[in-house]
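The values are calculated or read from the model by the stated rules, or taken from the named source; none is laboratory data. Model, not experiment: these values are computed from the prediction. Cβ atoms come from the backbone with ideal geometry, glycine included; neighbour counts cover every protein chain shown.
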Amino acid sequence: MPGPEPKGGILPLKELAFIWGGNILSKVMMFVATIYLANALEVEGFGVFSTAFAIVNYISLALFTGLDTLVTRESAALIPGNTWAFSKKVFSYRRRLVNLAVIATAACAFFMGKGNREMGFTLLLFGLSFLPQQIYAVNLFYGLEWPGPVAVYFIGGRVVYLALLFLTVRNPQGLYFAAGAFTLAVALENLFLFFCLFGRYNKRSDPDAAAPALDLKPVLLLTILTALLLLHENAPQFLTFFLKGDEEAGLYASSFRLIYTAVTFANLGGFVFLARFSKQRKENEGKARGSYKKASVFALLLGILFALAGYFSADFIYEMLFKASYREGAAIMRAGIFQMALVPSRVLAWQYVLVKEKASRLLLPLFLGVAASIAITSCFILSKGALGAARGLVCGEFIVCAILFFKAR
């Protein structure tokens with residue numbers, strides 16, 4: 001794909017807007033896919049689909065987030081001559097992680113498939129999506145400041161996914177087609193970025209240039225902390241399926257996916273603050289702290305605004321978007337919606353803790369906080385099912401936020 005060679009430094013506003021635009025359209029299309037699948041698969045089928053997706057998504061984020069963060073940072077300093085060599089090194093590390101992901105998914109499929117064959121086979125189909133992620137290059141493109149292909153990646157993959165869903169999933173018997181559509185879309189979007197990368201940098205590769213070394217030691221702590229945060233967010237979905245079954249899991253998933261979509265819109269600019277806080281802290285600690293506090297207040301107010309809107313419009317949203325079988329989901333949404341009031345400011349606190357290089361002090365308190373979140377959620381689920389899962393997630397969010405806000409003070 002032609003285009004000027006990316007320059008160093010922070011992405012200009014126009015390029016950030018290009019990536020954000022693609023990201024927004026991607027989120028909108030995934031929202032449409034969620035609603036379509038919920039109605040086509042019915043409550044039980046959607047419960048299986050959502051739980052399998054949550055398991056695979058958790059494995060993916062827990063294993064790859066640390067490496068992807070490091071790749072973004074290191075690729076920003078690359079020159080055309082050693083970019084392809086660096087890419088191959090990254091792909092070799094990802095291949096090892098993909099092997100772990102496939103093994104973990106297969107183990108989950110074997111364990112869960114004993115009690116629910118649909119769940120086991122759906123997990124296997126989702127697990128195949130890890131194979132093309134050996135050549136995942138989104139974070140590499142972020143570092144190279146080449147936003148065009150990333151925007152196409154976001155939009156094109158979702159267009160393919162939606163098209164496949166509309167063609168193949170019409171009723172609850174389309175569960176396997178839904179999982180297969182996701183896997184095929186992931187394969188195509190990763191191949192697209194790989195060929196963009198290969199086409200631009202392979203010919204410029206300097207055979208004598210050594211690829212920059214990747215120090216993976218700092219990644220381990222980040223991976224563990226990220227895995228804990230993700231466990232807090234995803235545990236209610238897992239626990240609802242295990243403790244209450246397909247139907248309750250489907251009802252919870254319909255609510256959580258709506259809330260999650262709203263959170264992503266309320267926090268669209270969150271990822272840029274890590275670089276901003278880092279740069280400001282090098283210049284002036286007080287300036288960085290002031291920016292963090294202002295951004296946190298704004299994020300909290302925006303989260304509260306979105307939460308209030310969701311709370312008062314829950315019945316209308318469910319009546320407009322879902323079949324009658326989901327009518328109990330509106331109450332679940334109202335019970336869990338105030339989690340999103342805290343998430344945008346929690347993300348900023350997490351980033352500021354990383355900037356202050358206090359992540360090592362976060363491990364024990366975050367572990368205890370997530371354990372408390374899961375324990376509370378389990379108790380709520382046993383007594384109230386999906387409604388309890390939503391209430392438990394809100395309680396857990398307060399605990400996790402308190403820990404992160406304290407460490408970021």
Seminar exercise, completed: Note on segment 331-373: residues assigned to a loop (DSSP other than H, G, I, E, B) and among the aliphatic types (A, V, I, L, M) are MET340, ALA341, LEU342
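Let's see how each residue does on (1) among the acidic types (Asp, Glu); (2) more than 21 Å from the chain's Cα centre (by Cα); (3) more than 21 Å from VAL28 (Cα to Cα):
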site	(1), (2), (3)
GLY143	no, no, yes
PRO147	no, no, no
VAL152	no, no, no
TYR176	no, yes, yes
ALA181	no, no, no
ALA185	no, no, no
GLY199	no, yes, yes
Problem set entry | Selection status of LEU78, surrounded by 20 or more Cβ atoms within 10 Å (Cβ to Cβ), in the same structural domain as LYS203 (by TED's automatic domain parsing) and over 17 Å from ASN190 (Cα atoms) | yes
Seminar exercise, completed: segment 245-328: helices (runs of 4 or more DSSP H) wholly inside it with 3 or more residues that are at pLDDT 80 or above and among the acidic types (Asp, Glu) are 246-266
For this session: Report whether or not PHE192 is within 21 Å of LEU61 (Cβ to Cβ), in contact (Cβ under 8 Å) with a residue 24 or more places away in the chain, of a type in the set (Phe, Trp, Tyr) and assigned to a helix (DSSP H, G or I).
Result: no
Exercise. If only one of SER360, SER373, SER383 is in the same structural domain as VAL297 (by TED's automatic domain parsing), surrounded by 22 or more Cβ atoms within 10 Å (Cβ to Cβ) and out of contact with any Ser or Thr (no Cβ under 9 Å at 6 or more places or on another chain), which one is it?
Worked result: SER373
Exercise. What pairs come up if the first residue lies in segment 24-42 and is free of Cβ contacts under 8 Å to residues at least 60 places away in the same chain, the second is part of a helix (DSSP H, G or I) and crowded, with 18+ Cβ neighbours inside 10 Å, and their beta carbons are under 9 Å apart, counting only those six or more places apart or on different chains?
Worked result: VAL28/ARG158
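Please go through segment 158-181 and give me each residue that is surrounded by fewer than 21 Cβ atoms within 10 Å (Cβ to Cβ) and touching a residue at least 60 places away in the same chain (Cβ under 8 Å), ordered by number. Don't jump to the end; show me each part of the working.
Within segment 158-181, the first condition is being surrounded by fewer than 21 Cβ atoms within 10 Å (Cβ to Cβ), and the residues that meet it are 159-160, 162-164, 166-168, 170-174, 176-177, 180.
The answer is VAL159, LEU162, PHE166, ARG170, ASN171, PRO172, GLY174.
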